Structure formats: structure tokens, C-alpha cells
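Below: one structure, written as C-alpha cells.
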Amino acid sequence: MEDAGTQDGRKPIIEIIEMHKWFDEFHVLKDINLRVLPQEKIVVCGPSGSGKSTMIRCINRLEEHQRGKIIVNGTELTRDLKNIEKVRAEVGMVFQHFNLFPHLTILDNLTLGPIWVRKMPKKEAEELAMHYLEIVRIPEQANKYPGQISGGQQQRVAIARSLCMKPEIMLFDEPTSALDPEMIKEVLDVMVDLAKEGMTMIVVTHEMGFAKTVADRVIFMDYGEIVEENEPNAFFDNPQHERTQLFLSQIL
Ligand code: ADP
Ligand code: MG
């Protein structure tokens, strides 16, 4: 393959090349180019409706792109992709609304994927689930139902559920924006831990403290385009583009 390497010789784990997407006539993503190295942390920000969710949903094929290329961990996402379950298992996703199954216990929410997708024996899946509940600091909630725990705890369960699939990459779509303020930190703390462990992460968030401490790069999107990209200090202290300046003046 030509030019897949980077300056420091490492190959990207995610490559998005000249990618476009339409919803019918609506051109929602325009010429997206993004290369993410293993263990890199990317924060994506931008106004509502700018295409942030659609872009990250393309990375695990919850949405299809129409033009350009997306290559994830060596697999190009094409129309005739057979191994979509493999891609989904490699790319974990955490949503704004936690999307837990309300009629299943926390433990059963966590073991579902390992048992049905990974074909893991139940006992092993439960041990794995308990391990990740420890990691997100709520092992004592294992036998409760989602409705019996707080939003912050539910989001940590959602993160643990993704981790049970042993993903190579984690995508987060505004993971704290549905939470009460006092619960935001407990979720961000878990994400910081994950970042320190070396997880490759793309995080759509407007939590600028998180972006400054964790991100290698911050990407700003507007009207379906990546308008600006920089390391966090330069991004926040010296935004180049007028649209970025306007956005930051509204959220900071
Ligand atoms: P963001 O996450 O930045 O708020 P989205 O990616 O959710 O933006 O949406 C980008 C644009 O695409 C918005 O104008 C939204 O209304 C539109 N859109 C999102 N999903 C769909 C869909 N399934 N069908 C049609 N339009 C959509
Ligand atoms: Mg969104």
C-alpha cells in the first residue's frame, strides 16, 4: 500500500480519505480526511448538526458513506463488507443515551455481547464483566437493573459493556451531555483512565477540560467539514478559523 505510514513510521489504525456522505440530497459530510494512529486520542467538537455523530457512526458502519475510503484496523468499509460484526467488535461505541437493555441486569447487559458474539462461556463472560465493572468502579451494582442506578453509573456500565468486547478503538458520542453536572466527572474520570491505558479514542465532546488534558488533537467540524485541526493548546488558545473562534467564544 502506498503512503500508509506516517512521519514516525507508525501506520494509522483509522484512515478516512476524501470521504463524503449524503442523506438523500443532503450532503452531510464533505471531503473528510482523518488519520488516527494507534493509541491516539482525538476530540471532535463543533456546533449541533455539523456532522460529528454521522462521522463517527461511519467508522463502525452504523452509517454508510458514499464516496472516498474508510479503513479501520486494516479492513476497508465497503458495500460488500462481510465482516461487519468483526468491525463492530473492534470498534466500541458509547452514546449520549446509554442504550442499556432496561429489562436486563447490569451483569446481563455486559455478558450479552461476549456470550452471543464472542461465543464465550457464561461463567467466563461474567468474570470478564465483573473485571470491567471494577475498572469503571461500580462492581457492587452488578445485579441491579439500569433503572435502579444513576445516569453516571449507567454511562459507566455502557463503557464497561463496550470494553467487554475488547475493542481496539473506542468512539464516544457526547457521553456526558445527558448527565447531571455532578455525574459528569465520574464518567470523564473513567475515560481518562482508559486513555492512560493506551486506548485509541475518538471523543465527540464539548468538555474542554477533558480535551486539554487527554486529546492529542482537537478537530472542529462545521457544516459537514473538518474546518480546523490542532493540538489542544494551540486549538483553544489560538484558533485560526473564524468559525472556530466564533464557536469557542460561545462555549468557553
Ligand atoms: P451533530 O452530531 O454534529 O449534531 P449529526 O451528525 O447528528 O450532527 O447530523 C448532521 C446533519 O445530518 C444534521 O443536519 C442532521 O439533521 C442530519 N441527519 C442526521 N441523521 C440523519 C438521518 N438519518 N437522515 C437525514 N438527516 C440526518
Ligand atoms: Mg451528535
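The values are calculated or read from the model by the stated rules, or taken from the named source; none is laboratory data. The shown structure was predicted, so the numbers you read here are calculated from the model rather than taken from an experiment. Virtual Cβ from ideal backbone geometry, glycine too; neighbours counted across all protein chains shown. Ligands, DNA and RNA are excluded from the accessible area calculation, which covers all protein heavy atoms including side chains. Shrake-Rupley method; radii C 1.70, N 1.55, O 1.52, S 1.80 Å.
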Would you pick out the residues in the range 152-205 that are of a type outside the set (A, V, I, L, M, F, W, C), away from ligand 2 (no atom under 16 Å from the Cβ) and farther than 17 Å from TYR132 by Cα?
ASP180, PRO181, GLU182, LYS185, THR200
Within the range 178-211, can you find the residues that are more than 12 Å from ILE42 (Cβ to Cβ), touching a strand residue (DSSP E or B) at 6+ places or on another chain (Cβ under 9 Å) and not hydrophobic (A, V, I, L, M, F, W, C)?
HIS206, GLU207
Just the residues that are within 18 Å of LYS123 (Cα to Cα), within 16 Å of the chain's Cα centre (by Cα) and among the small types (Gly, Ala, Ser), please, taken from the range 134-161.
ALA160
Okay, strands (runs of 3 or more DSSP E) sitting entirely in the range 36-105 with 3 or more residues that are away from ligand 2 (no atom under 16 Å from the Cβ) and either modelled with pLDDT of 95 or more or aromatic (Phe, Trp, Tyr) (or both), I get 67-72
What is the residue count in the range 85-100 for residues that are surrounded by 13 or more Cβ atoms within 10 Å (Cβ to Cβ) and more than 16 Å from ligand 1 (Cβ to nearest atom)?
9
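Residue-wise test of (1) within 16 Å of LYS166 (Cβ to Cβ); (2) touching a Phe, Trp or Tyr at 6+ places or on another chain (Cβ under 7 Å); (3) part of a loop (DSSP other than H, G, I, E, B).
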site	(1), (2), (3)
ASN109	no, yes, no
LYS119	yes, no, yes
ALA129	yes, no, no
ASN143	no, no, yes
List the pairs whose first member sits in the range 53-74 and is over 12 Å from PHE172 (Cα atoms), whose second member is of a type in the set (S, T, N, Q), and whose Cβ atoms are under 7 Å apart, counting only residues at least 6 apart or on separate chains?
GLU63/THR54
Do you know which residues across the range 29-70 are open to solvent by 10 Å² or more (accessible area, probe 1.4 Å) and among the aliphatic types (A, V, I, L, M)?
LEU37, LEU62
Looking at the range 186-224 only, could you name the residues that are of a type in the set (A, V, I, L, M, F, W, C), outside any helix (DSSP H, G or I) and surrounded by fewer than 21 Cβ atoms within 10 Å (Cβ to Cβ)?
MET199
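Tell me, which residue of the range 137-171 that is in contact (Cβ under 8 Å) with a residue 60 or more places away in the chain and basic (Lys, Arg) is least open to solvent (accessible area, probe 1.4 Å)?
Of everything passing the filter in the range 137-171, ARG161 is least open to solvent (accessible area, probe 1.4 Å).
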Report yes if some residue within the range 230-248 is surrounded by 15 or more Cβ atoms within 10 Å (Cβ to Cβ), out of contact with any strand residue (DSSP E or B) (no Cβ under 8 Å at 6 or more places or on another chain) and farther than 26 Å from GLN141 by Cα; otherwise report no.
yes
